[in-house]
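Encoded as structure tokens, the structure appears first; notes follow it.
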Amino acid sequence: MPGVYSADEAVADGLRVMDHLGFRRFHVVGHSMSGMIGQRFLAVAPDRVMSLVAISPVPAAGFKADEKVMKALTAVIEDDTAAKKAIAARGGDRYGETWLNFKLALARKAATKAAMAGYLKMFTGTDFADAVRGNRTPVLAIVGKHDIPFYRE
């Protein structure tokens, strides 16, 4: 679906789904960029979120990237070799070519280039850490030794 690809839009979409399903309160689970969106739920709808499980989440402060890193991240949108390199890095470089090709095919099928560019802008340019600091909602952050070092912090 076309959109502005912001954390606020993703939360608004999620809240509409929960309203449609009749859930006033709910738990949120998110991985990587969706972990960041899960944290945004805490800022936008703290009275509705019962708990958050964030798996290797982008932090609420965003993923700050210098020019070199932004160039590499932007290349993922168009360049399959760059995309497979990024997929491999997020899996600790433990998986073979068959797995990388499978994940790449899923990624290419699941998102438009506009969405990929929009969400890249979101997770590298959004910072709402002050809005969630002190939130009392239970949060479980799960990271592992094979995550990229930034996420392990």
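A short reminder: the numbers here are calculations on the coordinates, not readings from a lab. All values reported here derive from a predicted model rather than from experimental measurement. Heads up, the Cβs are rebuilt from the backbone with ideal geometry, glycines too, and the neighbour counts pull from every protein chain shown.
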* Filter region 118-153 down to the residues that are of a type in the set (S, T, Y) and in a helix (DSSP H, G or I), then identify the one that is farthest from I77 (Cα to Cα). => Y151
* In region 128-142, is there at least one residue being free of Cβ contacts under 8 Å to residues at least 60 places away in the same chain and of a type in the set (S, T, Y)? -> no
* Evaluate the following for T74: is it of a type in the set (S, T, N, Q), assigned to a loop (DSSP other than H, G, I, E, B) and either more than 17 Å from S32 (Cβ to Cβ) or in contact (Cβ under 8 Å) with a residue 24 or more places away in the chain (or both)? => no
* Asked: Can you tell me which of D79, D66, D8, D93 is surrounded by 15 or more Cβ atoms within 10 Å (Cβ to Cβ) and acidic (D, E)?
  -> D8
* When you scan region 91-107, how many residues do you find that are part of a helix (DSSP H, G or I) and either without any contact (Cβ under 8 Å) to a residue 12 or more places away in the chain or farther than 21 Å from A7 by Cα (or both)? -> 10
* Asked: Under the condition of being out of contact with any strand residue (DSSP E or B) (no Cβ under 9 Å at 6 or more places or on another chain) and under 22 Å from R16 (Cβ atoms), which residue from region 31-59 is surrounded by the most Cβ atoms within 10 Å (Cβ to Cβ)?
  -> R40
* **Hits in region 7-38 (condition: in contact with a Leu (Cβ under 7 Å, 6 or more places away or on another chain) and not aliphatic (A, V, I, L, M))** => G38
